[in-house]
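To keep things clear, I will list the structure first and then write my remarks on it.
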Amino acid sequence: MNTSRAHELESPLHLYQAARYQSADGKWHDKFDSAVEALPAECHVLTSSILSLLCFSQVCGNATLLREIVRQPWLSSINPDGTVKLSEIPPHGFLAPSVDTIGKELLSRLEAEAERVCSRFSRVYLLLSGGLDSRIIAGVTAKLHRKGILKEAPVAVTWGFADSRDAHYARKIAEHYNFEWINIPFGPKEVEVNISETALHLGALHSPEMLHYMTWFERIEPDALVLAGSFGDSIGRAEFSGRHLLELNEFKPSDPFSLLKPEVRGASIQGVKRAIAELGERAPGAPRHAKLEHYMQGYRMRGNLCHALGLINRYATIYQMFTDPSVYGYMWSLHPSSRTDEVYASLLEELDPFLARLPWARNNKAVRGKTAGAEQRLLAAYHDYTGWSAGPLRSHLEKLVDPEWFEAQGVFNPDALVAMRNTVATSTTRVGRINDVWLWLAGFRVMVDHLEQTGRKISYEIPEPMDGKGQIKDESRSLKVTVLSPLLRTAQRSAPLTAFLKECRTRFRHLKRLRLRAQALKEFPPTMGSHDAS
């Protein structure tokens, strides 16, 4: 277990901190299962946490699924007496230097971050995909190796189908830098393992999909470092799941698949709203886009993939690049309209033009200049979670996600579970969000069964109304689980129509972003000066 060493690399101002859990007795634990061992005989599952997962894919706030276990807050430290000290959230600014200036400054700060972290380890593994974040880290660590700061070249690790864009272009990057490259494909067997891993070691705080093949790292050296770049898009380009910071909307909790009973749903929505409001109170007066970024970093990034990646700390030490306050503090000091794809294009050009020309796995095109080495035959996805759930995993998942078992819990809507099961079972095209929830439901069942097998009595806690009385209005969108629309199904059967619709969407998004940037510049005129985030 190397969580303690991970804590040595992270300050109270790092965007990513290895998770810590406080049990009901006030003690802090580096492992969720250690906190579970301290649970009392009666445990309470929070329906607000369930709704948060169903809506946002992560639990908002510092809660877990269990009332008796809480997480260390975002940007904080734990005092010797066990109390928590919240750090002041660094401010957002409105500086607007040139794209090339931003690219060079970001690269310089990333190099300093990588040197500080990597120089403490003799063996470094790099999570390398065909994306932009990890290729930046590859170029930075290759530079450290050339300088002799890294005694051994990093080992690049890529999971997923060998004939996917991610694996193919990751291999090209590894060959370019003469890194050892390891491809670790995964499939239904690993997903089945991940359901248990997520339930027993990670508190079912996100879908098992997030683990991919993280258990592979149990075979590496315990004193090794694993470098990840999960925060790259959000810091370098201010992009969150394909949406720019300026495109984000206010976060409104709902029960998108109607999986909770109506009498449970409304109160749970209010509970999630409280958690969202609590984070907003930490930065009074911050502009709207800053508060939205706080939410995405403090809840979304910290509580989803990055919490899952924390599983690697059971085997070695994982560190997330782009999370040093010097790095993100600089990017936050910039005007939001200045944080664009062009920043990455400039940075990659400065770091290594090869990285700028090699196709980006997302669209199979270069980010700057003429695309070099594009392969059209490659798979766009490196996994097939939907196909696995509908095929080899179907029987196993349907035993776990049993509508009768969930109905007996007293808070779930069995009819919605049946609708979701039918959608997953009959889908021939990817239903990512639905399948993500389907796998989470399986993990949740495993977690509850395990707790009961250890002698705990499980009950469900529904939040009290905000005013302490009366019924709470059900504000859920309550969208029904349905198959894809006829238009979309038609598009999927017609390659030309699919390409046309994608091109229209790309152009529309480009125009929308230009409009939002113009509005932001008008609302927040750029300021002059410099910022030295430390």
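The values are calculated or read from the model by the stated rules, or taken from the named source; none is laboratory data. Owing to the predicted nature of the structure, the values given are computational and were not obtained by experimental measurement. A quick note on method: Cβ atoms are made from the backbone with ideal geometry, for glycine too, and the neighbour counts reach across all protein chains shown.
The listed residues are 345, 361, and the only one of them that is more than 20 Å from residue 183 (Cα to Cα) and in contact with a helix residue (DSSP H, G or I) (Cβ under 8 Å, 6 or more places away or on another chain) turns out to be 345.
Among the residues making up region 375-391, a single one is touching a Pro at 6+ places or on another chain (Cβ under 9 Å), closer than 23 Å to residue 158 by Cβ and surrounded by fewer than 16 Cβ atoms within 10 Å (Cβ to Cβ): 375.
Every condition in (1) part of a helix (DSSP H, G or I); (2) surrounded by 21 or more Cβ atoms within 10 Å (Cβ to Cβ); (3) under 19 Å from the mean Cα position of the chain (by Cα) is met by residue 227 except one, and the failing one is (1). If you filter region 398-447 down to residues that are without any contact (Cβ under 8 Å) to a residue 60 or more places away in the chain and in contact with a Lys or Arg (Cβ under 7 Å, 6 or more places away or on another chain), you find that the one that is surrounded by the most Cβ atoms within 10 Å (Cβ to Cβ) is 401.
Kindly provide the set of residues from region 245-285 that are assigned to a helix (DSSP H, G or I) and more than 20 Å from residue 464 (Cβ to Cβ), ordered by number. If you could, list the steps in order and put the result at the bottom.
If we filter region 245-285 for residues that are assigned to a helix (DSSP H, G or I), which is where we start, we get 245-247, 262-280.
Scanning region 245-285 gives 245, 246, 247, 279, 280.
Yes or no, residue by residue, for (1) touching a Phe, Trp or Tyr at 6+ places or on another chain (Cβ under 8 Å); (2) under 30 Å from residue 277 (Cα atoms); (3) at pLDDT 95 or above; (4) aromatic (Phe, Trp, Tyr):
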site: 420; (1), (2), (3), (4): yes, no, yes, no
site: 429; (1), (2), (3), (4): no, no, no, no
site: 432; (1), (2), (3), (4): yes, yes, no, no
site: 457; (1), (2), (3), (4): no, no, yes, no
site: 461; (1), (2), (3), (4): no, yes, yes, no
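Looking at region 375-398, can you tell me whether even one residue there is modelled with pLDDT of 95 or more, farther than 23 Å from residue 160 by Cα and touching a helix residue (DSSP H, G or I) at 6+ places or on another chain (Cβ under 6 Å)? No; the residues of region 375-398 include none that is modelled with pLDDT of 95 or more, farther than 23 Å from residue 160 by Cα and touching a helix residue (DSSP H, G or I) at 6+ places or on another chain (Cβ under 6 Å).
In region 211-221 there is no residue that is of a type in the set (Val, Ile, Thr), buried (at least 23 other Cβ atoms within 10 Å of the Cβ) and in a helix (DSSP H, G or I). A single member of 266, 232 is touching a residue at least 60 places away in the same chain (Cβ under 8 Å), within 30 Å of residue 340 (Cβ to Cβ) and touching an Asp or Glu at 6+ places or on another chain (Cβ under 6 Å), and it is 232.
Residues that are surrounded by fewer than 22 Cβ atoms within 10 Å (Cβ to Cβ) and among the basic types (Lys, Arg) within region 322-361 comprise just one, 357. Restricting to region 239-260, what's the tally of residues that are farther than 22 Å from residue 331 by Cβ and either surrounded by fewer than 19 Cβ atoms within 10 Å (Cβ to Cβ) or among the β-branched types (Val, Ile, Thr) (or both)? Residues flagged as farther than 22 Å from residue 331 by Cβ and either surrounded by fewer than 19 Cβ atoms within 10 Å (Cβ to Cβ) or among the β-branched types (Val, Ile, Thr) (or both) within region 239-260 amount to 2.
Could you tell me whether residue 427 is touching a helix residue (DSSP H, G or I) at 6+ places or on another chain (Cβ under 8 Å) and of a type in the set (Ser, Thr, Tyr)? If you could, list the steps in order and put the result at the bottom.
Numbers: touching a helix residue (DSSP H, G or I) at 6+ places or on another chain (Cβ under 8 Å): yes; of a type in the set (Ser, Thr, Tyr): yes.
When the stated conditions are applied, residue 427 passes them.
All conditions in (1) in a helix (DSSP H, G or I); (2) in contact (Cβ under 8 Å) with a residue 40 or more places away in the chain hold for residue 130, with the sole exception of (1). The requirement of being more than 30 Å from residue 223 (Cβ to Cβ) and out of contact with any Leu (no Cβ under 9 Å at 6 or more places or on another chain) is satisfied by residue 342. Residue count for region 15-51 satisfying the condition of being under 27 Å from residue 318 (Cβ atoms) and buried (at least 21 other Cβ atoms within 10 Å of the Cβ): 11.
For the structure I just gave you, tell me whether residue 318 is closer than 21 Å to residue 213 by Cβ, in contact (Cβ under 8 Å) with a residue 60 or more places away in the chain and part of a strand (DSSP E or B). Explain how you work it out, then say what you get.
Working: closer than 21 Å to residue 213 by Cβ: yes; in contact (Cβ under 8 Å) with a residue 60 or more places away in the chain: yes; part of a strand (DSSP E or B): yes.
Yes, satisfied.
For region 70-121, give me each residue that is within 30 Å of residue 152 (Cβ to Cβ) and in contact with a strand residue (DSSP E or B) (Cβ under 8 Å, 6 or more places away or on another chain).
Our first condition is that a residue be within 30 Å of residue 152 (Cβ to Cβ); within region 70-121, this holds for 103-121.
The answer is 114, 117, 118, 120, 121.
Considering only residues of region 160-174 that are among the hydrophobic types (A, V, I, L, M, F, W, C) and buried (at least 23 other Cβ atoms within 10 Å of the Cβ), which is farthest from residue 350 (Cα to Cα)? Residue satisfying both the conditions and the ranking: 167. Among the numbered conditions (1) in contact with a helix residue (DSSP H, G or I) (Cβ under 7 Å, 6 or more places away or on another chain); (2) more than 23 Å from residue 356 (Cβ to Cβ); (3) crowded, with 20+ Cβ neighbours inside 10 Å, the only one that residue 121 does not meet is (1).
On the given criteria, is residue 78 free of Cβ contacts under 8 Å to residues at least 60 places away in the same chain and more than 30 Å from residue 340 (Cα to Cα)?
Working: free of Cβ contacts under 8 Å to residues at least 60 places away in the same chain: yes; more than 30 Å from residue 340 (Cα to Cα): yes.
Taking the combined requirement at face value, the residue satisfies it.
Go through the residues of region 322-330 one by one and say whether even a single one is touching a helix residue (DSSP H, G or I) at 6+ places or on another chain (Cβ under 7 Å) and either outside any helix (DSSP H, G or I) or under 23 Å from residue 273 (Cα atoms) (or both). Yes: one or more hits.
Pairing residues of region 371-395 that are at positive phi and hydroxyl-bearing (Ser, Thr, Tyr) with residues that are at pLDDT 95 or above and in a loop (DSSP other than H, G, I, E, B), at Cβ distances under 8 Å and at least 6 apart in sequence or on separate chains, gives no pairs at all. Among the residues of region 367-399, which ones are in a loop (DSSP other than H, G, I, E, B) and of a type in the set (S, T, N, Q)? Matches in region 367-399: 371, 376.
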